[in-house]
1. Work out how much length residue 486 to residue 6 would gain on full extension: take 0.36 nm times their residue separation and subtract the Cα-Cα distance, in nm to one decimal.
2. Starting from the amide H of residue 195, placed 1.01 Å from N in the peptide plane, find each other amide H under 5 Å away whose residue is 5 or more places distant or on another chain.
3. Please compute the length gained on full extension between residue 242 and residue 511, using 0.36 nm multiplied by the number of residues separating them and subtracting their Cα-Cα distance.
4. How many nm is it between the label spots at residue 379 and residue 222, if each spot is 7 Å from the Cα in line with the beta carbon?
5. Count charges around residue 430 for me, please; just the other residues with Cβ under 13 Å from its Cβ, Lys/Arg as +1, Asp/Glu as -1.
6. Separation between the residue 128 and residue 84 pseudo-spin-labels, each 7 Å from Cα along Cα→Cβ, expressed in nm?
7. Rounded to the nearest 5, what % of the DSSP beta bridges within the chain are antiparallel ones?
8. For a test of the definition: using alpha carbon positions, the gyration tensor, and the 1.5 limit on a/c, classify the range 359-468 as rounded, prolate or oblate.
Amino acid sequence: MSWWKKAVVYQVYPKSFNDTTGSGVGDLAGITEKLDYLKELGITVIWLSPVYESPGDDNGYDISNYEQIDPAFGTMEDMEQLIAEAKKRGIYIVMDLVVNHTSDEHEWFEEAKSSRDNPYRNYYIWRDPVDGGVPNDLQSTFGGSAWEYSEETGQYYLHLFSKKQPDLNWENPAMRQDVYQMMNFWLDKGIGGFRLDVIDLIGKQPDQLVTADGPKLHDYLQEMNEATFGHRDVLTVGETWSATVQNAKQYSNPDGSELSMVFQFEHILLDQQDDGEKWDLKPLNLVDLKRTLAKWQTELGDEGWNSLFWNNHDTPRIVSRWGNDEEYRQESAKLFAILLHLMKGTPYIYQGEEIGMTNYEMASLDDIYDIESINMYHERLAAGHSEADILTSINAKGRDHARTPMQWRGDQAHAGFTAGQPWIPVNDNFTEINVAQNLAEKDSVFATYQQLIQYRRDHDIVVKGDFQLLYPDHPAVFAYKRQWQDDAFVVFANVSEEGQTVDVAELSLNDVIINNYDEVTVRDGQLTLEPYQAIAITID
Ligand code: TEU
């Protein structure tokens, strides 16, 4: 069995993890310093958000040189040391590969924009103006047209993200070969694989208004696989917002022709209005969440592999989003851990999730750092939305929540993240919610994650077992059964603030695997669950 099926991944957002220089920005040495902490948690892979040279328009997802480390994060020696020190502790470093686009300050783009016959011109996507304006209606994810006019040559270039992130032209074989060469440069350094940023977009056909799932997408992935990681035993995970169970089987075909696994967002989109954007909110219906997660568990079967996650650097923190980050913060943080980590797939923990960190409340535009939120703010204000409504959306879904600094200690300024001024404020609740306090308490959120990771390591059933959703229509209890050979267990999670009861008369409950309360209460065949109680129990 591939090693990455048993792995647990921890995502580090380096800018906000640990600063060793007092610059206010986290750095590579800061990650190396915390490897023992991560080993204690039990994870075996770090997904490292981009650390390449970048002007930082989108916090490193705009790369100006793929083979250099950004000085804000350190040097190439620091990177090599991180890879080596991690390896000593049984941890692989998976790098974030952003090859749908580069920075407009990348040398390729500087060349490309300089003249229409420059050899790098076709590394990017250029179109003539139409009726003196943009070539068509394609929109950028960060707001406005996806086309930007370039004075030098009188054409527009495509950018599906910010205008400082021009899209690469994957139809150009020379460009593709340069990307593969760069990937091999990193693989030769002994990294553990790649997380492929918005990889579902590389087959785009802008003239047909096709962005995701273009006709040649899978050809490119197979070619990339063959030219780079296909011959190495590494983890590759594709960020695929558009993935369906069907095409996930192609992306993560067990024959190894494309990627190890997909990272898809179907469950994450359930609290947005059907025809709206992520900012157009609607309450989560738990039954929808159960159905969606269960569909991926059962329908992917053995024909592909999925990632398991609740949050990352682009999404709000789960305890604040679908849990209760006040009265039941610890209970609900543990509940989401238990629900996710006992499913089939490779779990991802986003930094701070393992200590129950919460969203950061933003009071005005001054508190907002992320380009996506800032652009949306101006766009919606101009379109007549009230400032209060815009802030409500940002406080629900903005990306800054996940990006405030890691809370290491309660007794030091800025939570021990930096000796200087942090680039983004530390959440005020760091005095209560921090790593030191978690490590000091036997039944902390951290301890729950640690226990779940250990259980996965020791029990094949978690990795291989079948999945069955129980009580599919119950509006508040998320329950499922796993089964592998002669072993079986059930998970019950009460995703609500009220006590709930479920009928367990048909089940023969044995040993408690994990419980976020002290008691398991069964009377007359009825299991009573306290607010946000989650338990896993073996059954006959
Ligand atoms: O994210 C892809 C992406 O589409 C996000 O911008 C997402 O749509 C948005 O956050 C949800 O509203 C990846 C990276 O994870 C993200 O950080 C980058 O900004 C983006 O690609 C561009 O590289």
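Read the figures in this text as sums done on the coordinates, not as results from a lab. Here the structure is a predicted model, which is why all the values come from computation and not from measurement. Cβ: placed from backbone, ideal geometry, glycine included. Neighbour counts: every protein chain shown.
1. Numbers: separation 480, 0.36 × 480 = 172.80 nm, distance 1.99 nm.
Gain on stretching residue 486 to residue 6: 170.8 nm.
2. Those lying under 5 Å, H to H, from residue 195 are 95, 96, 97, 237.
3. On the way: separation 269, 0.36 × 269 = 96.84 nm, distance 4.00 nm.
Answer, rounded to one decimal: 92.8 nm.
4. That separation, rounded to one decimal, is 3.6 nm.
5. Numbers: positive: 409; negative: 411, 428, 432.
Around residue 430, the surrounding residues sum to -2.
6. For residue 128 paired with residue 84, the spin-label model returns 5.7 nm.
7. Details: 43 of 68 bridges.
Taking every DSSP beta bridge with both residues in the chain, the antiparallel ones total about 65 percent.
8. Details: a/c = 3.28, a/b = 1.51, b/c = 2.18.
The shape class here is oblate.
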